[in-house]
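**Student:** I'd like to ask some things about the structure below.
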Amino acid sequence: MEHIELFFKSIFIDNMVFATFLGMCSYLAVSKKLATAVGLGAAVIFVLAVTVPLNWLLDQYILKDGALAWLGPEYVVYDLSFLSFIMFIATIATMVQLVEIIIEKFSPSLYNSLGIFLPLIAVNCAILGGSLFMQSREIPTLGLALTYGVGSGIGWFLAILAIAAIREKIRYSSVPPALRGLGITFIITGLMAIGFMSFGGMLTGGDEKPKEQPKVEAKIEKKEIKKADATKIVAKNTTLNE
Amino acid sequence: MALLSKKDAALLTDPLTDNNPITVQVLGICSALAITAELKASIVMAISVMAVLGVGNVVISLLRNIIPSKIRIIVQLVIVAALVIIVDLILKAFSYELSKTLSVFVGLIITNCIIMGRFEAFALGNGPWKSFLDGLGNSAGYGIILIIVGFFRELLGSGTLLGFKVLGDPIEKTGLYAFGYENNGFMLLSPMALIVVGIIIWVQRSKNKTLIEEN
Amino acid sequence: MSKRTDSNAYTIIFAMIMVVVVGSLLAFFSSFLKPNIDENKRVEKQQNILYAMGINDNDESNANFISSSFAGQEFSKFVKEQLVLEVTDEKVTKLQTREEYMDTNNGQEPYLIDVKQQQNHAKEGKARKLPLFVGEKDGKTFYVAPIYGKGLWDAIWGYVSLDENMVIQGAYFDHKGETPGLGANIKQRYFMDDFIGEYLLTDEGDFKGVTVAKGNNDPKNERKTDYKVDAIAGATITGDGVTAMIKSDLQLYVPYFKSLKN
């Protein structure tokens, strides 16, 4: 159950592109053609699905405060979390380099059309973001980390698919010349992001309980006094050290 | 500019307009969206990127002949991450206040694709002096866009510039607010940064027709 | 690029040298600078606690700590006692004074207790140590409690000072990596000052907490008993994080404050 929940949450509510604005560079630059977009999207899913669980293992057994406990009780005191950035990035860069070599071997045409953006997956903030979110949200198990990686990847894939499809359509409409290409893509992405905010509302809205109305009367008297108190405290803060 | 040959000067000035990293090369967008809600953060980010890209480009350029091509991505990332982390540690030890302001940017700098992008596209194939100029030029071009976006988002979104209330006080209803003007809180949200950049691109390409793309 | 650098042997040797060089550089800097960094962090904790008590160098609109060179001196002047509560399953099982705590913990000062570590202990079902700093200023007693949680990107934390009725007297928030200009603004005066005067308990004495709420039509925060402060536009998740850490961490102190009354 929690797998399904996390999966859909990472695709729609926490969508990498539209909710956290990660992975924008390659998203904007490689979305011209549907075919290239699908290729890059698939690569991102793959890299996220591999790096998030890998980095989860790294974090759990090497980097976290006290994570070295499995080596023996004398290692409990070590906290290597200052290394997490560089370790995560090293894992990611290794995976990306691997993907680059594989794609170059099996699909030279895709390799050529991805151009500079293939190595840039390594700094695609969506990938590092995935690992850092995994760390800061304290995802409890390896399985969930995998679900999270795949989910975020699919979310990114859907986003680039959608914009690529829109851009292919736009080719037949008369956009002002100066806005053609990149300009209109930026603006459409902005509008799509506003649309995606409605998913965010699904979580934050509706948890307000409509109770505690009847108590209002009792509290009105207090109000004045407390405001006065508060101003006094603020004033005190400002005039200190005199 | 007498110091610089014409070619070298172009390395500095091209990225400001015709080959701008954000509006033309599409690099470094994430950070441009994330931190431009405030003008001050935009300026800090612009300066930090300039320092990192300038130094990083030189280092990569010096090492360009000994880096094995198979693992160049890892090498590049490790070098830039190590540089940034060391600077962060030194600041933490000797200038804690400053480090608190800057440490938020550490992650954003390491993953900023403008840095990797320039390593890959320029520093790997050119000498240190040229790479240094290229680094400065590109980060300046990046900074200009950041500052423009930050200016409009802070002014229209919170009615302030660098924290100063230039349009009056929205709560006390002074200045512009006395006439019924309201801040547009929407400007503070990231989607609006995309739209502002879109408009900048529109303005830029209306002036410079050579940049106009086919659909 | 020359052929030489393409061979596998060269690649592997290069990678190994790089790992050793970069690794030892990082380790060197990190261990060499550690005493300085730890000292800075210690002073900052003192400044945080003093800030929550209202001892700071605030000007018109900016939050400023007192200078780090006075922090230690002012800290020992204003903070009279550092209590350590031990909590298991939300019940206080032990209460130690500063001296008792230091005797049993190799002389570690209670304000250096790592809140995150203690939260993890609680998760594993072990006892959690809760520090509570009792300060006195202008004849008034302040109870400062640390809180810790997570925002959008990374950790957020803070110190809240309370009076005996658990009414907030001051708050300080900080963060590791929230978005500059949005979530990072939780450490701005206008956000932190909003908490002053807010009630945490209902009239019946139940814990309710303070919610960082969007659009509560009270930007000047005149209603102090609505258990709400105005959120920062564009920083929903950071705001929710602040709400959550106030709820989860300050709740644990309720039994202690109840015992103060009796």
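**Student:** Kindly list the number of the only condition in (1) buried (at least 21 other Cβ atoms within 10 Å of the Cβ); (2) among the aromatic types (Phe, Trp, Tyr); (3) farther than 18 Å from residue C:175 by Cα that fails for residue B:94.
**Tutor:** In the conditions (1) buried (at least 21 other Cβ atoms within 10 Å of the Cβ); (2) among the aromatic types (Phe, Trp, Tyr); (3) farther than 18 Å from residue C:175 by Cα, residue B:94 misses (1) alone.
**Student:** Looking at segment B:18-64, which of the residues that are within 13 Å of chain C (Cβ to nearest Cβ) and among the polar types (S, T, N, Q) is surrounded by the fewest Cβ atoms within 10 Å (Cβ to Cβ)?
**Tutor:** Taking the candidates together, the pick is B:48.
**Student:** Now a separate question. Considering only segment A:104-134, how many residues are modelled with pLDDT of 80 or more and under 20 Å from residue A:51 (Cα atoms)?
**Tutor:** 9
**Student:** Give me the residue from segment C:134-181 that is within 13 Å of the chain's Cα centre (by Cα) and among the aromatic types (Phe, Trp, Tyr) and, out of that set, nearest to residue C:82 (Cα to Cα).
**Tutor:** Looking at the filtered set, the residue picked out is C:159.
**Student:** Within the set of pairs 6+ apart or on separate chains, which have a first residue in segment A:33-49 that is among the charged types (D, E, K, R), a second that is in a helix (DSSP H, G or I) and modelled with pLDDT of 80 or more, and C-beta atoms under 9 Å apart?
**Tutor:** Here the result reads A:33/A:164; A:33/A:167; A:33/A:168, each pair linking segment A:33-49 to a residue that is in a helix (DSSP H, G or I) and modelled with pLDDT of 80 or more.
**Student:** One residue is enough: does segment B:168-185 have a residue meeting the conditions in contact with a helix residue (DSSP H, G or I) (Cβ under 6 Å, 6 or more places away or on another chain) and either under 21 Å from residue B:22 (Cα atoms) or hydrophobic (A, V, I, L, M, F, W, C) (or both)?
**Tutor:** No, that holds for no residue.
**Student:** Across segment C:168-185, what is the number of residues that are in contact with an Asp or Glu (Cβ under 7 Å, 6 or more places away or on another chain) and either under 21 Å from residue C:55 (Cβ atoms) or among the aliphatic types (A, V, I, L, M) (or both)?
**Tutor:** Matching residues across segment C:168-185 total 3.
**Student:** Regarding residue B:87, is this residue buried (at least 20 other Cβ atoms within 10 Å of the Cβ), more than 8 Å from chain C (Cβ to nearest Cβ) and without any contact (Cβ under 8 Å) to a residue 40 or more places away in the chain?
**Tutor:** So residue B:87 does not fit the description; no.
**Student:** May I ask you to verify whether residue A:33 is surrounded by fewer than 22 Cβ atoms within 10 Å (Cβ to Cβ), closer than 26 Å to residue B:20 by Cα and either within 14 Å of chain B (Cβ to nearest Cβ) or not hydrophobic (A, V, I, L, M, F, W, C) (or both)?
**Tutor:** yes
**Student:** Counting only residues that are over 17 Å from residue A:193 (Cα atoms), in contact with a Leu (Cβ under 8 Å, 6 or more places away or on another chain) and in contact (Cβ under 8 Å) with a residue 40 or more places away in the chain, which one in segment B:162-215 is nearest to the other protein chains (Cβ to nearest Cβ)?
**Tutor:** B:201
**Student:** A further question follows. Just checking, how many residues over segment A:168-184 are in a helix (DSSP H, G or I), within 8 Å of chain B (Cβ to nearest Cβ) and closer than 17 Å to residue A:33 by Cβ?
**Tutor:** Matching residues across segment A:168-184 total 3.
**Student:** Which of the numbered conditions does residue B:118 fail, given that it passes all the others? Conditions: (1) farther than 26 Å from residue A:103 by Cβ; (2) away from chain C (no Cβ under 11 Å); (3) surrounded by 19 or more Cβ atoms within 10 Å (Cβ to Cβ); (4) of a type in the set (Lys, Arg).
**Tutor:** Unmet for residue B:118, out of (1) farther than 26 Å from residue A:103 by Cβ; (2) away from chain C (no Cβ under 11 Å); (3) surrounded by 19 or more Cβ atoms within 10 Å (Cβ to Cβ); (4) of a type in the set (Lys, Arg): (1).
**Student:** Among residues belonging to segment C:173-202 that are of a type in the set (Gly, Ala, Ser) and under 16 Å from residue B:103 (Cβ atoms), point out the one that is farthest from the other protein chains (Cβ to nearest Cβ).
**Tutor:** This residue is C:183.
The values are calculated or read from the model by the stated rules, or taken from the named source; none is laboratory data. Not measured: the values here are computed from a predicted model. No Cβ is skipped: glycine too gets one built from the backbone with ideal geometry, and neighbour counts run over all protein chains shown.
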